Each structure stands twice: as C-alpha cells, then as structure tokens.
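The values are calculated or read from the model by the stated rules, or taken from the named source; none is laboratory data. Keep in mind it's a predicted model, so treat the numbers as computed, not measured. No Cβ is skipped: glycine too gets one built from the backbone with ideal geometry, and neighbour counts run over all protein chains shown.
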Amino acid sequence: MIIGVVGKANVGKSTFFKASTLADVEIANYPFATIKPNTGIGFLKIACADKFFGRQCNPRTGYCVEHNRFIPINIIDVAGLVPGAHEGKGMGLEFLNDLNQADALIHVIDVSGSTNEKGEPVLPGTRDPAEDIKFLETELDFWYLGILKKVWEKFSRAVTQTHGDAVKALHKQFSGLGSTEDMIKEILKEINLAEKTLLTWSEQDLLMFSRELRKKTKPMIIAANKIDVKGAQENYLKLKEQFKELTIIPCSSESELALKEAAKHKMIKYLPGEKDFEIQGQLNEKQKNAIDFIKTNILQKQEFGTGVQEVLNKVVLDVMKYICIFPGGVNKLEDQHGNVLPDCFLLKDGSTALDFAYKIHTDLGDKFIRAIDVKTKRTVGKEHLLKQCDVVEIINNK
C-alpha cells in the first residue's frame, strides 16, 4: 500500500509528510522546496487485539504502545502542483507520474487561505481554500484524460471493429492505474456509457470516464492544514458544508511534528493521535511555552488533536476501506520465536477467511480446510466475512 501526499506548493505538504514519518526532508517557505519525491513510513493506529487476551504483543513490523498497534504504511510526498500541471507546467507531468504508484491520496490544503494559487505566501484569508480542492481534482482529471487520449483513437477503433468486450478492453488498457473489470463496469453504468460503442464517445464522455476512474483508483482525503491560523476554523466549517462528499480533517502538521520531535528527544511522552502528553524531561522557557501553546490551542480545541494521525487512519480505514486482521492460534498466540501476535495484515473490507489465507501464503489458500475465529473459538468456513481486528487461525491440509 502506498499513500501519496499531494497539493499545491507551500501548503505544508512536506511538514505533513515529516510529521507522519519523521523522515529527514527539507521544509521551506517557498514553492518547489520538494523536487524529487520523498518516501517514508507512516503508521496506521488501531486498538490492538492483544488487549482482548490480556497480553502484550511483539510486532514484527511497526510497534505497539499501551495496546495501540501502529501498522506501517508507505507514504510518498511529491512536489507541489501548479495550475496547468497536466499540461507540463511546473514539471507537472513528472510530478503527476510520481503519483501513479499511489493507491490513495492525501490532499494537503492551506485551510487558512494564506497561500495563493502559485504557492506564494499571502495574508491569511486572502485565498479561498475551496479553490484548491477544485484545482487539484481538475488537474488529476485532466491528467487521466491525457493518458486516455494518447491511445484512444486507435484503441477505440480496434475494439469496435473486432466487436471486443469494451469492459475487458478498457480494464486491460488502464489496469496500470489500478482499475478492475468490476470497477470499469460500474463506471460505465453510472455515467450511462454502457450501451455506447467506444467510437461514439464524445470529449465530454471521455472526461466523465476519466473523472470517475480517477475517483475510484485514487480515492482522496483532505488534510485541512494550518488549522491553528486565525480564520482557518471558519474556512474548515465552510468546506465541510460545501464538499459533503469528501472526508476533510482539520490538522496542524507543525504541531504534530513539534510533539513527535519532543517525544523523540524524551522531553515528553506523547502517543500520536492523543489529545494530551506528559512532560518527562527538562524544558527551557521557550520549549515549555511552545508545547503549552500546542496543548491549549490545538490538542484541547480540535476534535482530532493535531489531526495528522486521524488523516492517516481515515485514509486507510474509511477512504480505502481496509481492515486489520491478525493471524493466531486458539491455543497459541506466539510464533516459533515466542513473539505474541507478531503480524497484522491489511485486507479490503469484505474479505473472507479464504482471502486471508491467500494473503498469508498461497499454500495456505490452496490447501484451506477451515478457519477458527480465535476470539470466539468458533469454526468458520472459507466464505466467512472478516471484521476489524479479528484474530484468525487457518487450518489447512498439510
């Protein structure tokens, strides 16, 4: 799984990325501080299954603190986009192509309205952040349209003349963008193109298809950054009303980064996503004032604390609709090295016990006999639907 961090220049994308990953990246108050994409590891936070058993787990990857499991996810931060990026402006095509590998997107916006369309600082409230949401969606839609139009004339003629299956052909042509046959079929039905031959598609048809394909292959969440700036809260509430179909989370990337850096240096005890922290080390007056400001103006005022962890959680669990499943045994939660619940797998919501078996190893799926819900000790079949934080034992024909 790869999550892409996108947005126009100078809205705090790199700060959000660093706050999510603690990767060493340049953060600067000017456009295009990021040129080459940065990659790092962020973490999904869930309530760990170990608490159900009164045990402490030993994750193979990620970590667990006070029964909060942090599951690693790959994050990529690309350079800021400018209007006309899909036409190549500001090295836009290169940056857009960097996003091709992403399974979902986090669109970081300056909700305070203090960054203009070129990524230059302006007075707070000068820019309407709603325009930034529209701008990015438009750039992505036309990027997809450009990919389609490169091959469309030859492709549509060949499919029509050979009486080929349009759904299969479209999926094969655009599987690199993450499409599936079911997805293509659903899109064509939604925009009333299922009965039209490809050769008769208009420019508007192509754009509608591109837009829906983008929405399904690159689902997106909005990180409303700089929520601590004056006027930002009012803008955020307006955005929620205007874009009811989008998930918008208020956040302060600078605050999250400051807390994580303080925790890293053992000045405070802070768990990402929490609304409080505990001072552990000696702080000078400046440091104490800074974290007191964050506690009073961010953690205690905002619904999701700094909001950064909530964005990561929402994009995986709500936008992409994944669930976390642990392999384990009814009589033994440990692996051969004595580690308790060392693994946790991310599967699409709606996955079955058989899907989970295949996720672990092909042989487990091929030789699947039954599964056991370890929490309830109930035997289940291959079609059994899994739910969040299930612990499952796979019984196979060895």
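Each row is one residue, and each column tells you yes or no for (1) among the basic types (Lys, Arg); (2) surrounded by 13 or more Cβ atoms within 10 Å (Cβ to Cβ); (3) under 15 Å from Ala258 (Cβ atoms).
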site	(1), (2), (3)
Gln280	no, yes, no
Asn284	no, no, yes
Gly307	no, yes, yes
Asn313	no, yes, no
The range 115-128, residues that are under 27 Å from the mean Cα position of the chain (by Cα) and of a type in the set (Val, Ile, Thr): Thr115
Residue pairs meeting the criteria (Cβ under 7 Å; at least 6 apart or on separate chains; first without any contact (Cβ under 8 Å) to a residue 60 or more places away in the chain, in the range 198-220; second of a type in the set (Val, Ile, Thr)): Leu198/Val159; Leu198/Thr160; Leu199/Thr160; Met208/Ile191; Glu212/Ile187; Glu212/Ile191; Lys216/Ile187
Index of the failed condition, Val229 passing every other in (1) closer than 22 Å to Lys8 by Cα; (2) crowded, with 20+ Cβ neighbours inside 10 Å: (2)
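Every residue, every condition in (1) farther than 30 Å from Ala262 by Cα; (2) surrounded by fewer than 21 Cβ atoms within 10 Å (Cβ to Cβ), yes or no:
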position: Lys288; (1), (2): no, yes
position: Val316; (1), (2): no, no
position: Phe326; (1), (2): yes, no
position: Cys344; (1), (2): no, no
position: Asp355; (1), (2): yes, yes
position: Cys389; (1), (2): yes, yes
Pairs, first among the hydroxyl-bearing types (Ser, Thr, Tyr) in the range 147-163, second assigned to a helix (DSSP H, G or I), C-beta under 7 Å, six or more apart: Ser156/Leu198; Ser156/Leu199; Thr160/Leu198; Thr160/Leu199
Filter result for Ser175 (assigned to a helix (DSSP H, G or I), out of contact with any strand residue (DSSP E or B) (no Cβ under 6 Å at 6 or more places or on another chain) and farther than 24 Å from Leu136 by Cα): no
Test: residue in the range 359-366 that is outside any helix (DSSP H, G or I), modelled with pLDDT of 95 or more and buried (at least 17 other Cβ atoms within 10 Å of the Cβ): no
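Of all the helices (runs of 4 or more DSSP H) wholly in the range 215-305, which have at least 2 residues that are closer than 24 Å to Ala23 by Cα, under 25 Å from the mean Cα position of the chain (by Cα) and among the hydrophobic types (A, V, I, L, M, F, W, C)?
Details: elements: 232-242, 253-264, 285-294.
Output list reads 253-264.
From the list Gly350, Gly338, which residue is under 25 Å from Gly178 (Cβ atoms), assigned to a loop (DSSP other than H, G, I, E, B) and not assigned by TED's automatic domain parsing to the domain that holds Glu256?
Working: Gly338 fails: under 25 Å from Gly178 (Cβ atoms).
Exactly one of Gly350, Gly338 is under 25 Å from Gly178 (Cβ atoms), assigned to a loop (DSSP other than H, G, I, E, B) and not assigned by TED's automatic domain parsing to the domain that holds Glu256, namely Gly350.
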Per-region count, the range 306-334, residues free of Cβ contacts under 8 Å to residues at least 12 places away in the same chain and of a type in the set (D, E, K, R): 2
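Mind listing whichever residues of the range 367-378 are surrounded by fewer than 18 Cβ atoms within 10 Å (Cβ to Cβ) and under 25 Å from Met320 (Cβ atoms)? Step through it out loud before you land on a result.
We begin by selecting, within the range 367-378, every residue surrounded by fewer than 18 Cβ atoms within 10 Å (Cβ to Cβ); these are 367, 369-370, 375-378.
Scanning the range 367-378 gives a single hit, Lys375.
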Unmet requirement for Ser112, which otherwise passes all of (1) crowded, with 20+ Cβ neighbours inside 10 Å; (2) at pLDDT below 85; (3) within 23 Å of the chain's Cα centre (by Cα); (4) small (Gly, Ala, Ser): (2)
